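Have a look at the structure below, then the notes.
Nothing in this text is a laboratory measurement; each read-out follows from the coordinates by a stated rule. What you see is a predicted model, and the numbers here were worked out from it, not measured in a lab. All Cβ positions, glycine included, derive from the backbone under ideal geometry; neighbour counts span all protein chains shown.
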Amino acid sequence: MAVIDLVKWNGNPSILAWKFPSEELSTWTQLIVNETQEAYLVKEGVYQGPFGAGRHTLSTENIPLLRRLIGIPFGGKSPFTAEVWYINRATNLDIRWGTPDPIQLQDPKYQIMIPVRAFGQYGVRIVDAKKFLLKLVGTLPGFDVNTLSEYFKGVFTTKIKTGIATAIIKNGVSVLEISTQLEILSDMLKASLAPEMEDYGVGLAQFNIHSINVPEDDSAVITLKAALARRTEMGLLGTNYQQQRSFDVLETAAGNEGTAGGVMGAGMGMGMGMAMGGPMGGAFAQLTPQIQAGMAQPAGGGQPQAVCPKCNAANAPGTRFCGSCGGALAGTPNEVKQTIVTCDKCNTIIPKGSRFCPNCADPVNACPACGEDNPTEAKQCRKCGKSMPVDCGNCKSAIPEGVKFCPECGTKTTPSCKKCGGDLSSGAKFCNTCGEPQQTD
């Protein structure tokens, strides 16, 4: 048994309060306190002190040589117990905090519900050791920063959520832009939390928000970021949302496979687009080739029509010569993709390109509009009422109504003036251009 006890603490920096293990200290106990510490003697249930940095001699009424003798009536324990508490006065800056669950907020700029999380760090320092011991430590054997963090977790969560929600909603700051306000928010929350901690003798040395973010896998966040990316893309292209929607309508109309649907769709799209004013002019100019290409599609999604490079007239697929000007059509296929024809006499399905029915040898006279087989002498299609083509005088190919040149051989099909070569109306006695008398049969 030591005649004089020595009390000293060299504990972990994360511990804020520590009690010396022995309670039977001699009356001449030497108490050593470091510069960053403060000590209290608890004698007969009363705190005595504080004891600052240096060496101190304690008076506990425990006489070293008589301690065991005096303790005999008390079961071998001295009735003159004494406790020594050390308080760590150094500042601890490494206490982490975070919101336990995301805060559901409506973004004031984009009007969409978004979950918001926040993380950060704060530091504490014991500013009133006796108040700290009485209100927080009590009879615990020790008290560290983790225990302190758990004690103040509820207060921190409430204050932090309220502060962030206020900054976003009331101040009109978007969740995606709130990171620019971290320093201002940190100071505001420190001023709000400091009084709560001071009531327990703890000073809030600093408070920092490291990050305010949103979960990347949240559906609302994915939708918002995709919309912002689309807006940025349209901004780079020099368009806005309404213009982009008009472009979509025009492209849909241009891609319509039906002839009537393509023309009507393109017309309606262009009408809506032109109503938006001058800024759309350049866009329509870029889309014009697409619209023309869409209008050149034949009914039923067949092969695209051949456009004459000379007069821009649309010709049936497979045509070799333009029916309007007689110019050669380069790059057109030799085989015409016709619709399925059923013989008008025996209802046999006739293979594509056949001139006679393979079953009954009836000549094929298919309507170029609907594909219906008609009698050879028919002037109009019996199904759709369209005019039936006439035979070319040179190659006997079928020539659609209104076509001036044979699509197969390029022979002119309309009568012309023998003097000036101008077109003549059917049965005309004089040329419309030069007045030359025409010989009629």
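Points to keep in mind about this one:
- Within the same chain, lysines fewer than 8 places from Lys418 are excluded, and of the rest, those with a Cα less than 30 Å from its Cα are Lys310, Lys379, Lys396, Lys404, Lys429.
- Couplings 3J(HN,Hα) for region 142-158, derived from phi with the Karplus relation 6.51 cos²θ - 1.76 cosθ + 1.60 (θ = phi - 60°), are x, 8, 10, 5, 5, 5, 4, 4, 5, 4, 9, 4, x, 5, 4, 4, 5 Hz, where x marks Gly and Pro.
- Unit charges on C-beta of K, R, D, E only; dipole of region 171-236, Debye: 360 debye
- Check: region 96-193 dipole with +1 on Lys, Arg Cβ and -1 on Asp, Glu Cβ, in debye: 280 debye
- Using θ = phi - 60° in the Karplus curve 6.51 cos²θ - 1.76 cosθ + 1.60, the 3J(HN,Hα) couplings for region 165-172 round to 4, 5, 5, 7, 7, 5, 8, x Hz; x is entered for Gly and Pro.
- In sequence order, calculated HN-Hα J values of region 362-371 (Karplus, 6.51, -1.76, 1.60; Hz; x Gly/Pro): 6, x, 8, 10, 7, 6, x, 8, 10, x
- Local electrostatic count at Ser14 - Lys and Arg +1, Asp and Glu -1, tallied over other residues with Cβ under 10 Å: -2
- The length gained on full extension between Cys395 and Thr348, counted as 0.36 nm times the residue separation minus their Cα-Cα distance, comes to 14.3 nm.
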